[in-house]
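The structure appears right after this line, and notes come after that.
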Amino acid sequence: MRTLFDKFKNLKLFTKMFMVMVVSIIAVSVAISWTVIHMSTDLFMQTFSITNTKVLNQIKSGFESYNDAIVTVVSNANQSGAMKSFLTQGDADSLSTAKSYFNMSEQMKKLKSNLDAYEVGITIAGVNGRVYSTDRSYLSMDDKKLKQHPLTLNSHKDPKRLIYQDYKEITGTNGLGEPMIVASKALLDRSTGYVYGTIYISMKERDFGQVFDSYTSLGNDVFILNKNGMIVSSNRQDRIGYMSQELLDYAEQMDTEASDYLNVSVQGKDSFVISDNLPTYDFYIVNTIDKEIALGQMIDTKTLTLIGIVIVGIALSIVFLITRQISKSLTKLVLQMSNVTHNEFGNHITVTGSYEIRELGQAFNYMVDELHDYVDKLVETQKGQRNAELAALQRQINPHFLYNTLASVKTLVQQGSKEKATETIHSLISVLQNTISNVSETIMVEQELGILKHYVFINHARYGDRIKVGYFVAPECMDYHVPKLIIQPFIENAFFHGFNVKSSGYIHVLVSTDGQALYCEVVDSGDGIEGLPSEDAFLNTKKSRQMFSGIGIKNVHDRIRLLYGEEYGVSIVSELGNGTRVKITLPLIKL
């Protein structure tokens, strides 16, 4: 990504402008197309929710009409004395039996007349073993099997309730008959509650499905499920008779949450689902619409893509011509500007072209002249500032330190310790060279430690080694850069002010990092500071200015904050009689 960005920066203005416009136009076109499709999808979902809810209500009304007709038939059958007599009387003479069957036939015709609008078969079975059916093709099982069949057993478990059940008869040796929906109810004596028979009203699934067939289409399917998740009827014939836990879960979810629709996956396809309950049947009616098919019919993706390509092509052609015209004049101006050599401010460019280009050329020539004057003044100012900084630093050198060091050298020479005197002079030279260098320059921790060791050597030469100095530096910290003279003022302070009461002790220099910042610490076991205020207050008090002499600890603190920010600087912790700890916090810098 970085390489591509660098290449883009080096391209010509025309190329950059054209690439940006190409990306912008394509992005806008894609965004508009996506928005249109998204809005269309939302509109379709809302329309689908409203329309298909009405469709489901119409389908539900159709099923309720069928149920009302069934209820009427069952009620009339339960009230018929002739039917009760046929289903309960025992064996009689042939004349009585014939008369009973004739009466039964007449009653069944009346019952069937209530269902003339539907293709159904009515079967009645009694406790006396008699069975009468208007069409045996609907329930062709023998009487004994019918008595023990779940259609009968389930009806007798709840004799007061009309029950709808799915049924598929076995035909032949290995084939299955046509699936059917059977409405069954126990016939019982109202006064005693005695069950004397069962009525079965059978409808083939294809006739049952006619209630909703006219509302289905490609990708728009209707499923009727029982409470176990079995699909008992559907326009999808390949799904009838199979369990669908997926559709059952969606139906139960919508029944519980009272949702308008669900946007879910059905058999791995994104679909909209609407469901309703058919309480009289104890069924669920589920309507699913395949989003891909439905949206494909609503949105012509190929046409939309073709129109988008044509529009983008025309827009890019116009942009190319306009961009080329604008950049051509600018390119000429840039070529002239590039001929201005480094630090040669006398080369003016030729002012030609459009109004904007001429204004730019004149402004450039004026800027060159002004820049020439400014650079001359800046060079003189920087020279003066540099000299002032060097003079100020040189004035900061403690005259007593120089006097005492030279006096120590003189004493060493008089004592015959010429080698030690020479080493002391070399160390003093190193310290002075570092002191008068550029104050903004940084050096590595390793170099700073070298300067400190020279400074410590000088002090040991002057006062002896009653104050031991140790260095504890993490190896990975050696290459980090720090400002010059950042630690020396605290070593100086420890030597001259930390051991006025105590005659001996130690000074430890510690350098470490926590991965976020560099920490330089100077810890001594000296006298400590009584009543030390907070660090900022302390560094500005008169007491601190008297105690911290030399190059200046406050200068160090201010320098760090000016260079790196308020989160860096110097903090001091001290306790009377237990020494002082100075902590310098710096950023991690490697050059």
- [ ] For residues that are open to solvent by 40 Å² or more (accessible area, probe 1.4 Å) and farther than 15 Å from Val482 by Cα, scanning just segment 553-572, find the one that is nearest to the chain's Cα centre (by Cα).
- [x] Glu567
Task: Test result for Ala27, of a type outside the set (S, T, N, Q), modelled with pLDDT of 80 or more and under 43 Å from the mean Cα position of the chain (by Cα) - done: yes
Task: Members of segment 372-401 found to be aliphatic (A, V, I, L, M) and either loosely packed, with under 13 Cβ neighbours inside 10 Å or modelled with pLDDT of 75 or more (or both), listed by number - done: Val375, Leu378, Val379, Ala388, Ala391, Ala392
- [ ] Could you list all residues from segment 166-178 that are over 54 Å from the mean Cα position of the chain (by Cα) and either modelled with pLDDT of 85 or more or hydroxyl-bearing (Ser, Thr, Tyr) (or both)?
- [x] Thr171, Thr173
Open item on the list: On the basis of being part of a strand (DSSP E or B), at negative phi and modelled with pLDDT of 90 or more, does Thr198 make the cut?
Closed with: yes
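Looking only at segment 287-294, decide whether some residue is outside any strand (DSSP E or B) and either open to solvent by less than 20 Å² (accessible area, probe 1.4 Å) or under 23 Å from Ile181 (Cβ atoms) (or both).
Yes, segment 287-294 has at least one match.
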- [ ] Mind listing whichever residues of segment 498-518 are over 59 Å from the mean Cα position of the chain (by Cα) and more than 12 Å from Gly579 (Cβ to Cβ)?
- [x] Asn500, Ser503, Ser504
- [ ] State yes or no: is Asp276 in contact (Cβ under 8 Å) with a residue 12 or more places away in the chain and either under 23 Å from Glu119 (Cβ atoms) or part of a strand (DSSP E or B) (or both)?
- [x] yes
Task: Set Ile163, Ile224, Ile181: member being surrounded by 22 or more Cβ atoms within 10 Å (Cβ to Cβ), at pLDDT 90 or above, over 30 Å from Asp270 (Cβ atoms) and of a type in the set (A, V, I, L, M, F, W, C) - done: Ile181
Task: So Lys554, is it modelled with pLDDT under 80 and closer than 20 Å to Leu452 by Cβ - done: yes
Task: Inter-residue pairs, beta-carbon under 9 Å, first on the phi > 0 side of the Ramachandran plot and in segment 144-162, second part of a helix (DSSP H, G or I), 6+ apart - done: none
Open item on the list: Going by what's in this entry, would Thr405 be described as β-branched (Val, Ile, Thr), at pLDDT below 75 and either touching a helix residue (DSSP H, G or I) at 6+ places or on another chain (Cβ under 6 Å) or closer than 19 Å to Pro489 by Cβ (or both)?
Closed with: yes
Open item on the list: Restricting to segment 241-256, name every residue that is of a type outside the set (S, T, N, Q) and surrounded by fewer than 21 Cβ atoms within 10 Å (Cβ to Cβ).
Closed with: Gly241, Tyr242, Met243, Glu246, Asp249, Glu252, Met254, Asp255
Open item on the list: Among the residues of segment 222-251, what is the count of those that are in contact (Cβ under 8 Å) with a residue 24 or more places away in the chain and over 19 Å from Lys204 (Cα atoms)?
Closed with: 5
Open item on the list: Return the residues of segment 74-92 that are among the β-branched types (Val, Ile, Thr) and either touching a Pro at 6+ places or on another chain (Cβ under 6 Å) or under 14 Å from Arg190 (Cα atoms) (or both); say none if nothing qualifies.
Closed with: Val74
Task: Residue list for segment 107-127, restricted to those being part of a loop (DSSP other than H, G, I, E, B), out of contact with any strand residue (DSSP E or B) (no Cβ under 6 Å at 6 or more places or on another chain) and open to solvent by 50 Å² or more (accessible area, probe 1.4 Å) - done: Asn114, Asp116, Ala117, Tyr118, Glu119
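Scan segment 54-106 for residues that are of a type in the set (Gly, Ala, Ser), in a helix (DSSP H, G or I), free of Cβ contacts under 8 Å to residues at least 60 places away in the same chain and over 30 Å from Thr216 (Cβ atoms) and jot them down. I'd like the intermediate steps shown before the answer.
So the first thing to find is which residues in segment 54-106 are of a type in the set (Gly, Ala, Ser), and the list is 61-62, 65, 69, 75, 77, 80-82, 85, 90, 92, 94, 96, 98, 100, 105.
Next, from what is left, pick out any that are in a helix (DSSP H, G or I): 61-62, 65, 69, 75, 77, 81-82, 85, 94, 96, 98, 100, 105.
Now restrict to residues that are free of Cβ contacts under 8 Å to residues at least 60 places away in the same chain: 61, 65, 69, 75, 81-82, 85, 94, 96, 98, 100, 105.
Within segment 54-106, Ser75, Gly81, Ala82, Ser85, Ser94, Ser96, Ala98, Ser100, Ser105 qualify.
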TODO: Sort out which residues of segment 267-285 are of a type in the set (Val, Ile, Thr) and over 19 Å from Thr51 (Cβ atoms), and write them in order of number.
DONE: Thr280
Task: Members of segment 94-106 that are surrounded by fewer than 16 Cβ atoms within 10 Å (Cβ to Cβ) and either of a type in the set (Phe, Trp, Tyr) or within 28 Å of Asp207 (Cβ to Cβ) (or both) - done: Tyr101, Phe102, Ser105, Glu106
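The values are calculated or read from the model by the stated rules, or taken from the named source; none is laboratory data. Since the model is a prediction, treat every value here as computed from it, not as a measurement. Quick reminder, even Gly has a Cβ in these numbers, built from the backbone with ideal geometry, and neighbours come from all protein chains shown. Accessible surface areas use protein heavy atoms only, side chains included; no ligands, DNA or RNA. Shrake-Rupley method; radii C 1.70, N 1.55, O 1.52, S 1.80 Å.
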